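Dropping a structure here in structure tokens format, bear with me for questions.
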Ligand SMILES: Cc1ncc(COP(=O)(O)O)c(C=O)c1O
């Protein structure tokens with residue numbers, strides 16, 4: 001069976017170093033916000049060319065905290081509207097809601113799956129105060145156009161980078177990361193981080209993630225407990241030096257899929273192979289997805305659907321269920337994610353391509 005993502009194999013590469021780190025942390029006996037978190041924050045900030053990195057408990061909290069940070073700084077207030085792609089993982093939208101802000105959904109571009117910048121302006125009102133850009137599946141959104149709109153309307157620009165670790169986009173923007181185990185850069189449990197160049201925001205965020213406290217038992221803000229776990233930071237410190245080369249393997253697989261899958265029944269995305277993509281997922285479209293998925297399964301190829309139900313059709317958002325986002329809905333009906341990981345062999349890639357071309 002060709003696995004969609006062999007997490008065991010990915011992490012077994014680093015097993016010895018993980019065990020050494022576990023021993024180190026155990027020996028030190030310091031489990032919350034210790035040296036490993038500090039080291040990780042410094043190294044990940046460097047890796048992202050950001051001034052600050054704030055380690056948090058998961059990717060959802062990273063985004064919620066960014067919004068809460070801006071509220072604390074007086075740059076956002078309850079009820080402000082935030083533009084967000086209709087085609088995203090639900091966490092992007094939940095983050096906006098959890099900060100008492102209002103998500104305004106915008107359709108994606110069918111070819112890239114990312115927010116369509118040409119549709120943003122029509123959704124901007126006097127209450128719009130920010131854009132949450134999502135680099136879905138690892139593909140950089142059309143930032144030049146989005147930033148232009150942001151400047152024009154004086155909007156905060158926040159990036160959901162949960163699926164795009166290693167994108168070398170030189171913006172000065174504030175990003176939320178998830179290190180959920182299956183991400184390009186995954187921990188051995190839940191973990192997340194925020195990067196930013198904004199000194200004032202960073203200062204607030206370091207406190208907000210820790211009960212609103214910078215100095216123990218002195219609480220400046222109404223914060224939460226969302227600290228990056230010391231052990232997870234230790235494991236991430238082991239993996240960070242390998243992220244670049246792992247993304248390189250993903251890119252070489254994507255390059256082969258893009259040039260060698262030739263089947264009229266399988267629609268490949270219009271993705272570029274430059275540094276603007278880290279290929280977290282490789283997502284194709286097909287009219288009869290169930291048939292393709294079953295065929296691949298018969299041929300021992302595991303696939304996953306990202307995602308089967310669009311956010312606005314989820315039960316949790318009952319008041320949105322009657323809204324119509326045809327492109328988003330089409331994507332959710334047709335997409336299928338092919339095996340993609342840094343431990344896939346080229347023989348496996350050959351096989352997947354051959355089977356797809358025979359379909
Ligand atoms: C686009 C996107 N945003 C946010 C998140 C939330 O991350 P986490 O699961 O670490 O909370 C995820 C991943 O789960 C995601 O894919």
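Got at least one residue in the range 171-186 being over 17 Å from residue 278 (Cα atoms), assigned to a strand (DSSP E or B) and within 16 Å of the chain's Cα centre (by Cα)? Spell out the reasoning first.
Step one: list which residues in the range 171-186 are over 17 Å from residue 278 (Cα atoms), which gives 172-174.
Restricting the remaining residues to those that are assigned to a strand (DSSP E or B) gives 174.
Filter once more, so that each one left must be within 16 Å of the chain's Cα centre (by Cα): 174.
Looking for residues that are over 17 Å from residue 278 (Cα atoms), assigned to a strand (DSSP E or B) and within 16 Å of the chain's Cα centre (by Cα), one finds at least one in the range 171-186, hence yes.
Tell me, please, whether a residue that is touching a residue at least 40 places away in the same chain (Cβ under 8 Å), more than 16 Å from the ligand (Cβ to nearest atom) and either not in a helix (DSSP H, G or I) or not assigned by TED's automatic domain parsing to the domain that holds residue 18 (or both) can be found in the range 209-230.
Yes, some residue in the range 209-230 is touching a residue at least 40 places away in the same chain (Cβ under 8 Å), more than 16 Å from the ligand (Cβ to nearest atom) and either not in a helix (DSSP H, G or I) or not assigned by TED's automatic domain parsing to the domain that holds residue 18 (or both).
Follow-up. Would you be able to say whether some residue in the range 85-94 is more than 16 Å from the ligand (Cβ to nearest atom), outside the structural domain of residue 249 (by TED's automatic domain parsing) and in a loop (DSSP other than H, G, I, E, B)?
So far as the range 85-94 goes, no, none of its residues is more than 16 Å from the ligand (Cβ to nearest atom), outside the structural domain of residue 249 (by TED's automatic domain parsing) and in a loop (DSSP other than H, G, I, E, B).
Quick check on the range 247-256. Is at least one of its residues under 30 Å from residue 98 (Cα atoms), without any contact (Cβ under 8 Å) to a residue 12 or more places away in the chain and surrounded by fewer than 16 Cβ atoms within 10 Å (Cβ to Cβ)?
No.
If I filter the range 147-164 for residues that are on the phi > 0 side of the Ramachandran plot, in contact with a strand residue (DSSP E or B) (Cβ under 7 Å, 6 or more places away or on another chain) and part of a loop (DSSP other than H, G, I, E, B), do I get at least one hit?
No, the range 147-164 has no match at all.
Then there is this: Out of 122, 99, I need the residue that is in contact with a strand residue (DSSP E or B) (Cβ under 9 Å, 6 or more places away or on another chain), free of Cβ contacts under 8 Å to residues at least 24 places away in the same chain and surrounded by fewer than 22 Cβ atoms within 10 Å (Cβ to Cβ). Which one?
122
If I ask for residues that are within 22 Å of residue 345 (Cβ to Cβ) and in contact (Cβ under 8 Å) with a residue 24 or more places away in the chain, which ones from the range 296-319 would you list?
Across the range 296-319, the qualifying residues are 296, 299, 300, 301, 302, 303, 304.
The values are calculated or read from the model by the stated rules, or taken from the named source; none is laboratory data. This one's a predicted model, so the numbers in the text were calculated from it and none came from an experiment. With ideal geometry, Cβ positions are generated from the backbone for all residues, glycine too; neighbour counts draw on all protein chains shown.
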